[in-house]
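Derivation of every value follows stated rules applied to the coordinates shown; laboratory data play no part. Worth saying up front: this structure is predicted, and the values here are computed from it rather than measured. All Cβ positions, even for glycine, are placed from backbone atoms using ideal geometry, and neighbour counts span all protein chains on display.
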Amino acid sequence: MLLALGILFNNWLSIWVLRPINRWSVGEISLNFVMATIQYFTCSLVCIEVHGGQEVDMNRWFEKQRVAFLSAFAALCGMAIFAN
């Protein structure tokens, strides 16, 4: 979860340098939209939902979600390599 938070913070900082751009191309808009979408799914997959004070078995949850959020991290890293 800390890795997702770190990547999210880093992406927010990287967006700051885009503020002086006066005209955006469709490609730039699409690239930023795809990055934000992948970032959203990455963060949502690593967050555990806890309902009403119940105990959470994090080991079992990790085994269940492992492929999904590692795939999301890989997609995010691949997109970051492409974007940079």
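Odds and ends about this structure:
- Footprinting exposure proxy ranking of Arg66, Arg19, fewest other C-beta atoms within 10 angstrom first, gives Arg19, Arg66.
- For the pair Val34 and Val67, the difference between a 0.36 nm per residue extended length and the Cα-Cα distance amounts to 9.8 nm.
- FRET efficiency for Ile21 and Phe41, using Cβ-Cβ distance with R0 set to 41 Å, rounded to 0.05: 0.95
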